[in-house]
Every structure is written in C-alpha cells, then in structure tokens.
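See below for the structure under consideration.
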Amino acid sequence: MKVKILGAASQDLLDGYAFYEKQDKGLGTYFLDSIFSDIDSLIVYAGIHPLFHAKYNRMLSKRFPFAIYYRLEDNEARVYAVLDCRRNPAWIRNRLFQGKLNQ
C-alpha cells in the first residue's frame, strides 16, 4: 500500500507544527514526527479505521488530539486532512465536505 499526503493535509501539518512550536520550542517537531509515524502506519493498516460520514476513514493520532482523514483509492491511501479533534464538529464536517480538499 502506498500513502500520499495531499496538499490540504500538508497545510494542516504545517499549521499544527506552527501551533505546537509556539507552545514550546521543539514540540512542533515532535508533533510532526508523531503524526508522520501515524500516517506511515497506513502502509499496513489502511482501511481498518471507521468511516466518517461514509466517505473518509478516520484514524486518531496516538499522541496528539488530531484525526487523520483518508480514503483508499487505486491501492493508495490518500490523506485528505489532518485536523484537530478539539475543533467544532460542524467546522470539521464543513472542512471535509465543502470541496476544500485537493483531489
């Protein structure tokens, strides 16, 4: 299984890095390392995570309150978003379903 991180998800990662780096120097790097480790696990575990509104699989991060939203397409796990679970659920739904993600 291949894993591809799409443009919107890459921006989510940069935003998360900036947020945690402001909290404490080095925490942003730890955030990225942790999330990339979670994303790398999709090579083996893609498809086992529950569906979110029957469109995206949602994997929860092991160390941060973030969810990784992906879909299986053409033997590839495509990561569409990496979002903070503390956000308003309506905001998350709008972000995922209003066509603001790179296809």
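From the C-alpha coordinates alone, can you work out the Kirkwood hydrodynamic radius of the chain, in Å?
Working: mean 1/r = 0.0727 Å⁻¹.
Kirkwood hydrodynamic radius for the chain: 13.8 Å.
How many percent of the accessible area of the chain is carbon or sulfur, using a 1.4 Å probe? Could you put the intermediate results ahead of the total?
On the way: 3080 of 6040 Å².
The computed percentage sits at 51.
Please report the accessible area of Arg86 (heavy atoms, 1.4 Å probe, ligands and nucleic acids excluded) in Å², nearest 10.
We get 140 Å² for Arg86.
Treating the beta-carbon of each Lys and Arg as +1 and of each Asp and Glu as -1, no other charges, what is the dipole magnitude of region 15-97 about its Cα centre, to the nearest 20 debye? Write out the running numbers ahead of the final one.
Numbers: 12 positive and 10 negative charges, 87 e Å.
Using Cβ point charges on Lys, Arg, Asp and Glu, region 15-97 gives about 420 debye.
Need the full-extension length gain, Phe36 to Phe19, defined as separation in residues times 0.36 nm minus the C-alpha distance. One decimal, nm. Each step should come with its number before you reach the end.
Working: separation 17, 0.36 × 17 = 6.12 nm, distance 1.65 nm.
Result for the pair: 4.5 nm of gain on full extension.
Helix 7-23 against the longest principal axis of the chain: what's the angle in degrees, Cα atoms only, rounded to the nearest 10?
That works out to roughly 20 degrees.
Across the chain, how many lysine pairs separated by 8 or more positions, or lying on different chains, have Cα atoms within less than 25 Å?
Total qualifying Lys-Lys pairs in the chain comes to 9.
Per residue, how much accessible surface does the chain expose to a 1.4 Å probe? Answer in Å², no decimals. Walk me through the numbers before you get to the answer.
Values: 6040 Å² over 103 residues.
Ligands and nucleic acids excluded, the result is 59 Å² per residue.
The values are calculated or read from the model by the stated rules, or taken from the named source; none is laboratory data. It should be emphasised that the depicted structure is a prediction, and the values quoted were computed from it without experimental measurement. When we count neighbours, we look across all protein chains shown, and the Cβ atoms used for this are built from the backbone with ideal geometry, even at glycine. SASA here: full protein model, heavy atoms, side chains in, ligands and nucleic acids out. Shrake-Rupley method; radii C 1.70, N 1.55, O 1.52, S 1.80 Å.
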